[in-house]
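Written out below as structure tokens is the structure these notes cover.
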Amino acid sequence: MKPVAENRRGRFDVAVEETLTAGMVLTGDEIKSIRADRIQLTGAYVKLVQGRKRLPKPLVIGMHLSLAKDPERTRELLLSAKELRILADELSQKGKTAIPLNVLFKRGWAKLTIGIGKGRKRYDKRELLKQRDIDRQQRQV
């Protein structure tokens, strides 16, 4: 399954340790926007808010769908109770964050891949760029 949209900047800013796949609660114009490849994930993040019962409700904030009536609307994510507990446990740890990595279609349904990890510091990003340059030079030889 080829991703419709990717958050390349998010993978650079966050050292992803674990991934989850979630469904999304979307309206008709939002799914049309995703199918038309008019989606932007840069700057988006996943947040847990207190929902009904005892389980928190996951939301994706900052995802931009340009053809939608409300492009920056906060959208609810659909996760199983087990995945929700994993996400809540990971996000309760200090320094952990969750970001959307990509959007793809699975059997006709739009799915969001969530990356859970720690944010990189500036010196970590410089090291990563240096390592990529070294790897690229070795492949060319």
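The values are calculated or read from the model by the stated rules, or taken from the named source; none is laboratory data. Keep in mind it's a predicted model, so treat the numbers as computed, not measured. FYI the Cβ positions are ideal-geometry reconstructions off the backbone, even for glycines, and counts take in every protein chain you see. Side chains are part of the model used for accessible areas, which takes the heavy atoms of the whole protein and leaves out ligands, DNA and RNA. Shrake-Rupley method; radii C 1.70, N 1.55, O 1.52, S 1.80 Å.
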Practice problem: Report the full-extension gain for the segment H64 to D124: residue separation times 0.36 nm, less the Cα-Cα distance, to one decimal in nm. | Solution: 18.8 nm
Exercise. Return the aspartates and glutamates within reach of K96: Cα separation strictly under 19 angstrom, same-chain partners fewer than 8 residues apart disregarded; answer none if there are no such residues.
Key: D13, E17, E18, E83, D124
Quiz item: Share of the chain's accessible area from carbon and sulfur, percent, 1.4 Å?
Solution: 48 percent
Quiz item: To the nearest 10 degrees, how steeply does helix 122-140 sit against the main Cα axis of the chain, on a 0 to 90 scale?
Solution: 60 degrees
Self-check item: Spin-label model distance (nm) - E76 vs R54, 7 Å beyond Cα toward Cβ
Solution: 2.1 nm
Quiz item: Where does helix 81-92 land angle-wise versus the long Cα axis of the chain, in degrees 0 to 90, nearest 10?
Solution: 50 degrees
Quiz item: What whole-number value in Å² describes the accessible area per residue of the stretch 76-141 for a 1.4 Å probe?
Solution: 70 Å²
Quiz prompt | Interchain or long-range residues, amide H under 5 Å from V4's placed H | solution = V103, L104, F105
Quiz item: Long-range amide H contacts for G51: which residues qualify at under 5 Å (H placed 1.01 Å from N, peptide plane, sequence gap of 5 or more or a different chain)?
Solution: K57
